[in-house]
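**Q** Structure provided below as structure tokens; questions to follow.
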Amino acid sequence: MTKRTKLKTGKRWVVKVGSALLSNDGQGLDFDRMQTWVEQMSVLMADGVELCLVSSGAIAVGLKTLKIDKRPHDLPLLQAAAAIGQMG
């Protein structure tokens with residue numbers, strides 16, 4: 001059985017979506033993209049798949065709060081952005 005076949009037959013999925021997928025190229029959260037995922041997950045749930053969605057988007061929110069347009073590579077700055085983003 002291939003990994004893809006196992007995925008198709010699985011009835012319980014954990015989906016992790018991080019800031020890189022939630023953000024709109026560093027311009028805040030991409031609500032259109034999120035809506036597409038909600039629609040796709042709704043179809044899976046209607047087919048009997050149990051979903052657990054794990055996400056924070058903390059880095060994306062923190063970068064927007066700090067007015068940083070591009071995602072930095074500097075780890076301390078990413079950690080600071082995540083801390084700020086988790087505060088709301």
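The values are calculated or read from the model by the stated rules, or taken from the named source; none is laboratory data. Since we're looking at a predicted model, the values are computed, not measured. Methodologically, a virtual Cβ is constructed for each residue, glycine included, from the backbone with ideal geometry; neighbour enumeration extends over all protein chains shown.
**Q** Give the residue that is modelled with the highest pLDDT, with candidates limited to residues of segment 36-58 that are surrounded by fewer than 11 Cβ atoms within 10 Å (Cβ to Cβ) and among the acidic types (Asp, Glu).
**A** Among them, the one singled out is GLU39.
**Q** Same structure, new question: Of VAL61, VAL15, which residue is at pLDDT below 90, touching a Gly at 6+ places or on another chain (Cβ under 9 Å) and either part of a helix (DSSP H, G or I) or of a type in the set (A, V, I, L, M, F, W, C) (or both)? Steps first, answer last, please.
**A** Numbers: VAL15 fails: touching a Gly at 6+ places or on another chain (Cβ under 9 Å).
Every option except VAL61 fails the conditions.
**Q** Go through segment 20-37 and give me each residue that's part of a helix (DSSP H, G or I) and not aliphatic (A, V, I, L, M).
**A** PHE31, ASP32, ARG33, GLN35, THR36, TRP37, listed by residue number.
**Q** Check segment 38-53 and report whether any residue there is outside any loop (DSSP other than H, G, I, E, B) and closer than 17 Å to ALA83 by Cβ. Walk me through it before giving the result.
**A** Taking segment 38-53 as the starting set, the residues that turn out to be outside any loop (DSSP other than H, G, I, E, B) are 38-46, 50-53.
Those still in the list that are closer than 17 Å to ALA83 by Cβ too: none.
Taking every residue of segment 38-53 in turn, none turns out to be outside any loop (DSSP other than H, G, I, E, B) and closer than 17 Å to ALA83 by Cβ.
**Q** Kindly list, by first and then second residue, each pair from a residue in segment 11-32 that is exposed (fewer than 12 other Cβ atoms within 10 Å of the Cβ) to a residue that is part of a loop (DSSP other than H, G, I, E, B), limited to pairs with Cβ atoms under 7 Å and residues at least 6 apart or on different chains.
**A** As it stands, the answer is LYS11/GLY48; LYS11/VAL49, since those pairs meet every condition given.
**Q** Based on this model, can you work out whether ARG71 counts as outside any helix (DSSP H, G or I) and surrounded by 10 or more Cβ atoms within 10 Å (Cβ to Cβ)?
**A** Yes; evaluated as a whole, the condition is true for this residue.
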